[in-house]
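The next block holds one structure in the form of structure tokens; read it before the comments.
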Amino acid sequence: MLDDPLRWSSADQERALRTISRWYDLDFGPLTDDLEMILELASGRERVLELGAGSGRIASPLAASGHRVTAVDSSPAMLALGEPRMREAGVDLRRSDMRCLSLEARYDLVLIGLSTFQHLLRREDQLAVLGCARTHLAAGGRLLIDWTAPRPDDLDPTPGPMQFEWMRRTDAEEWVTKHAAQELALDRSCGSAIDRASPIAWITYQYDAVDDSGSVERSLARFPLRVNLSAGEMSGLLHEAGLRAVDWFGSWQLDEPGEGDRLIVSAEAA
Ligand SMILES: C[S@@+](CC[C@H](N)C(=O)[O-])C[C@H]1O[C@@H](n2cnc3c(N)ncnc32)[C@H](O)[C@@H]1O
């Protein structure tokens, strides 16, 4: 299995997303706390651009509540899942890599939700996306980024255990169980993290679907994520991309940074 996350290709990414997209609605459909926060922060901002919109979990309700929404994603599997509901809600859907997006329109809010920013493994990719986001901001527009706050075990080289996340019933009356694990990507030659300053972890999602006869079908998706991304590092990236942070939050309930397990920044052109 691939060890070096920097050799991760878009074909590898799509293979993982094909598995994840099959269970995405069951997995993330019940999540609404981030959406409530986004609806609140988007208030009064008519034109919204979501980068990495995936299944349209956020873009569709934003459009249904009256915003003019453009949704961008690079994954055919995720777009296939989201397209019907996004079209129905009136979302303008674009298949594109957010690192090199170029649209004519400008937006009152550019959104990078649910840890999507952590799919950007290299500093040059992070800066490319922030640069694109800045280019697409209208005068007075805001960029909102929501990601997982650094955790104490992000830099622990011991592989994390496979942990139970949920067991849910599908419409097809199957029981599905999800487990997930996080393992720091190591340089096998010396056993240390590939880059402690910008660490990457392998995330494994394991879904087990049990049908009425008791047969189990297991699917695994393994993908790399940039972890331990601090507010300080994000401030530096924003500055380099010609942006500046206006507000920081630590949870979807808009607690102070450090008081929750998220980091959320609202930024504007500097
Ligand atoms: C964690 S999902 C989030 C989906 C959706 N925003 C939500 O909140 O449910 C991340 C999404 O980002 C997309 N993505 C990752 N890298 C991308 C890139 N370079 N360009 C466009 N989309 C990308 C993936 O295809 C995936 O759909």
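The values are calculated or read from the model by the stated rules, or taken from the named source; none is laboratory data. Predicted model, so just to flag it, every value in this text is computed and none were measured. When we count neighbours, we look across all protein chains shown, and the Cβ atoms used for this are built from the backbone with ideal geometry, even at glycine.
Kindly establish whether A133 is part of a helix (DSSP H, G or I), buried (at least 22 other Cβ atoms within 10 Å of the Cβ) and at negative phi. Walk me through how you get there before you give the answer.
Details: part of a helix (DSSP H, G or I): yes; buried (at least 22 other Cβ atoms within 10 Å of the Cβ): yes; at negative phi: yes.
In short, yes.
Tell me whether the stretch 49-70 contains one or more residues that are assigned by TED's automatic domain parsing to the domain that holds F249, touching an Asp or Glu at 6+ places or on another chain (Cβ under 7 Å), part of a strand (DSSP E or B) and buried (at least 22 other Cβ atoms within 10 Å of the Cβ).
Yes, that holds for at least one residue.
Hey, among D108, D73, D25, D97, which residue is at pLDDT 95 or above, within 11 Å of the ligand (Cβ to nearest atom), outside the structural domain of S198 (by TED's automatic domain parsing) and closer than 25 Å to F249 by Cβ?
Only one candidate qualifies: D73.
With the structure loaded, tell me whether L137 is away from the ligand (no atom under 16 Å from the Cβ), in contact (Cβ under 8 Å) with a residue 40 or more places away in the chain and more than 17 Å from G52 (Cα to Cα) or whether it fails that test.
So L137 fails the test.
Which members of the stretch 19-44 meet the condition of being assigned to a helix (DSSP H, G or I) and out of contact with any strand residue (DSSP E or B) (no Cβ under 8 Å at 6 or more places or on another chain)?
If the condition is that a residue be assigned to a helix (DSSP H, G or I) and out of contact with any strand residue (DSSP E or B) (no Cβ under 8 Å at 6 or more places or on another chain), then S21, Y24, D25, F28, D33, L35, E36, L39, E40 are the ones that fit.
Would you point out the residue of the stretch 40-67, among those that are hydrophobic (A, V, I, L, M, F, W, C) and away from the ligand (no atom under 13 Å from the Cβ), that is farthest from P84 (Cα to Cα)?
As a first pass, look at the stretch 40-67 and keep what is hydrophobic (A, V, I, L, M, F, W, C): 41-42, 48-49, 51, 53, 58-59, 62-64.
Checking which are away from the ligand (no atom under 13 Å from the Cβ) leaves us with 41-42, 63-64.
On the way: L41: 26, A42: 23, A63: 13, A64: 14 Å.
Selected residue: L41.
Take D208 and decide whether it is surrounded by fewer than 18 Cβ atoms within 10 Å (Cβ to Cβ), more than 15 Å from F117 (Cα to Cα) and not assigned by TED's automatic domain parsing to the domain that holds G113.
Numbers: surrounded by fewer than 18 Cβ atoms within 10 Å (Cβ to Cβ): yes; more than 15 Å from F117 (Cα to Cα): yes; not assigned by TED's automatic domain parsing to the domain that holds G113: yes.
Answer is yes for this residue.
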